[in-house]
Amino acid sequence: MQVSTAAKNLHHSASDVRKLGTMHGFGDQLTTGERIAHYRARRGLTQSVLANLVGRTEDWLSKIERGEREIRRVDVLVDLARELRVTLGDLIGQPALAEDDRHDDDVPAVREALMSPRLLSRTLFRHPASSPPDIASARRLATFAWDDYQAGRLGRVTAALPGLILTAQALEDTADTAGDAGQHFAISARIHHLATTTLMKFGETDLAWIAAERALRASDASGDPLVLGSAARAGTHALLGLGRYAEAIELGTTAVEWMRAQIEASDDVALSLSGMLQLRLAVAAARRADRTASSDFLDQAARAARKLGRDANLWHTGFGPTNVVLHRMAVALDLGDVAFLVEHGPRVNVDHMPAERATSFQVDLARGLSLAARDGDAVELLLSAEQVSPGIVRHSPLAREALREMHRRDRGRSELLSGLAERCRVVA
């Protein structure tokens, strides 16, 4: 049931990305094709060479760079990013957060908490925490922050995270002298898991991996298989953002085995956690263009949902039959099955789902609609999603890419589209 070995084996993921020498958030107002052209020129590759490296024709790449056609499959973007030695986020234009961008989305403060010198001091000099945090209060505050996340209130979450992260560090400091050390580490794991998922919404993959690794280590120290399974969700999420799909699948499948006894006993929490892990693995497999594996993972998640028997939200998973359907739609988008998404997506009722999950699905569907040249429907859907959770929409790479393409086609004729594109910082 040890996860520390897995975490150590994967710790290089974030550093690998930093070594690429990319410009995070470069050219937020450029199209994906223009970014490909920029990074290709920076590497000194001709269109012919790059096209051959990814198994495509020079004419295909030329049209992509000129904006005459779009890339519909994530695995193709992943191949291009690998050959250009950049991240997937660099190609699709994840938002760059300025250091003074603090009024709603205080990511710099979260970074400061994660990188606190106190951690180094604690490791080198074994300085104890000044006073033990109140366990009940820490658990309650973490739950409130998770509630805000699922309600799509990212600004409130980022405002709360710096204090929560410092509390988590203090909980770990005092765990050795506490009678309930496992709970200290369990709460820390939950807080760092929340930090991971929130940072991923802002495209901060390096920071998200740091938070995920700490969640994994804290969960390992808790000794609770369910805490381990929950933290593994954070790890797979971060690895997906880093483009480490094979490692995400390895971690997720291992985590499901950690909970095997609880799953076989039909424990509802274990079913929910394992089901969410299977959904993450389905996305990872889809991004590797492995349809068979992706379908198998979706089917396993569906079986867990049937055993659970309802749309629940145990441990803030939002897991149940509806979430399985939503991930089938997301996988279809990643595999380039736009027609399937456009046909079936509008029929899915997400009114009863957590706002974060419903908004993320609406972004996926809007992206599919834009790829099907149904720009009016896509904009209407994004505007509706923005009313519920502006932070999620405005920072979503998929939403921003869809808006970029639609704004280019529209040429400023639609005030609604132009206004949304400006709020998402797609255009000046």
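The values are calculated or read from the model by the stated rules, or taken from the named source; none is laboratory data. These numbers were taken from a predicted model, which means no experiment stands behind them. Cβ placement follows ideal geometry from the backbone for every residue including glycine, while neighbour counts extend to all protein chains displayed. Note: areas computed on protein heavy atoms with side chains; ligands, DNA, RNA excluded. Shrake-Rupley method; radii C 1.70, N 1.55, O 1.52, S 1.80 Å.
Of all the options V388, V283, V49, the one that moves most in a Gaussian network model of the chain with Cα springs shorter than 10 angstrom is V49. Of E68, E204, E172, the residue with the greatest mean-square motion in the GNM of the chain, using alpha carbon springs below 10 Å, is E68.
List residues of region 282-310, by number, whose backbone nitrogen lies under 13 Å from a label position 7 Å along Cα→C-beta of A246. Only 288 pass the distance filter. In the chain, helical runs assigned H by DSSP with n ≥ 4 each contribute -39500 (n - 2.57); averaged across all residues and rounded to the nearest 500, the mean residue ellipticity at 222 nm is -22000 deg cm²/dmol.
Round to a whole number: what % of the accessible area of the chain belongs to carbon and sulfur, probe 1.4 Å? On the chain, the fraction of accessible area on carbon and sulfur atoms equals 50 percent. With a cut-off of 11 Å between beta carbons, the residues surrounding A232 carry a summed charge of -1, where Lys and Arg count +1 and Asp and Glu -1.
Computed about the Cα centre, the dipole magnitude for the chain is approximately 600 debye when only Lys and Arg (+1) and Asp and Glu (-1) carry charge, each at its Cβ.
Using Cα springs under 10 Å in a Gaussian network model of the chain, which residue among M329, M406, M115 shows the largest mean-square fluctuation? Result: M115 has the largest fluctuation of those listed. For the chain, averaging the sequence separation of C-alpha pairs within contact (under 8 Å, six or more residues apart) and dividing by the residue count gives a relative contact order of 16 percent. Using a simple spin-label model with pseudo-atoms 7 Å out from Cα toward Cβ, S116 and D134 lie 1.9 nm apart. Ranked by the mean number of other Cβ atoms within 10 Å of their residues, highest first, the peptides 159-169, 372-382 come out as 159-169, 372-382.
Across the options T317, V350, M329, the greatest Cα extent toward the positive end of the charge dipole of region 304-355 (unit charges at beta carbon of Lys, Arg, Asp, Glu) belongs to T317. The charge dipole of region 218-334, taken about the Cα centre with unit charges on the Cβ atoms of Lys, Arg (+1) and Asp, Glu (-1), comes to about 360 debye, rounded to the nearest 20. For region 333-428, the dipole from Cβ point charges (+1 on Lys and Arg, -1 on Asp and Glu) about the Cα centre works out to 340 debye, to the nearest 20.
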